[in-house]
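**Q** The structure's right below; bear with me while I get my questions together.
The values are calculated or read from the model by the stated rules, or taken from the named source; none is laboratory data. Every value quoted in this text rests on a predicted model; they were computed, and no experiment measured them. Neighbour counts run over all protein chains shown; Cβ positions are idealised from the backbone, glycine included.
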Amino acid sequence: MLKLWWDMTRPVLPATDVLPMPGAPHTRRALWTLAAICCVGIGLNIALSIDFLADPGFVLLEIVRHLLFFGFLFGGLVWGALVIVRQPEDVKATWF
């Protein structure tokens with residue numbers, strides 16, 4: 001049990017022989033993938049959490065609220081993805 005604990009929690013440094021990907025990153029494909037993930041997630045959320053038999057004004061308000069959440073979710077994912085793409089690969093931690 002101690003060996004399993006040590007193997008699961010021992011400090012491991014990342015491999016140094018990682019080769020960079022050739023060419024420019026595929027940002028357009030990544031954006032479409034993120035948009036598809038957000039659309040499926042928000043679509044399921046709308047379909048499963050809104051009572052469509054309720055007052056039409058309430059249904060419209062809930063759909064607009066979910067679409068606003070879609071915008072924030074997609075914007076955050078795109079911002080995070082673009083920040084990660086633009087960071088250099090060889091950034092060392094300051095404590096090393």
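**Q** Is there any pair with a first residue in segment 67-81 that is closer than 12 Å to Ala30 by Cα and a second that is surrounded by fewer than 11 Cβ atoms within 10 Å (Cβ to Cβ) and at pLDDT 95 or above whose Cβ atoms are under 8 Å apart and which are 6 or more apart or on different chains, and what are they?
**A** If the second residue must be surrounded by fewer than 11 Cβ atoms within 10 Å (Cβ to Cβ) and at pLDDT 95 or above, no pairs are left.
**Q** Out of the residues in segment 14-31 that are loosely packed, with under 11 Cβ neighbours inside 10 Å and part of a helix (DSSP H, G or I), which is modelled with the lowest pLDDT?
**A** Checked segment 14-31; the qualifying residue modelled with the lowest pLDDT is Arg28.
**Q** Of all the residues that make up segment 48-67, how many are exposed (fewer than 10 other Cβ atoms within 10 Å of the Cβ) and not hydroxyl-bearing (Ser, Thr, Tyr)?
**A** Adding up the residues that qualify gives 6.
**Q** Next up: Under 6 Å by Cβ, and 6 or more places apart or on different chains, what pairs join a residue from segment 22-43 that is within 19 Å of Val64 (Cβ to Cβ) with one that is modelled with pLDDT of 90 or more?
**A** Cys38/Phe70; Cys38/Leu73; Cys38/Phe74; Ile42/His66; Ile42/Phe70
**Q** Looking at Leu34, Leu82, can you tell me which residue is outside any loop (DSSP other than H, G, I, E, B), in contact with a Ser or Thr (Cβ under 9 Å, 6 or more places away or on another chain) and not charged (D, E, K, R)?
**A** Residue meeting the stated conditions: Leu82.
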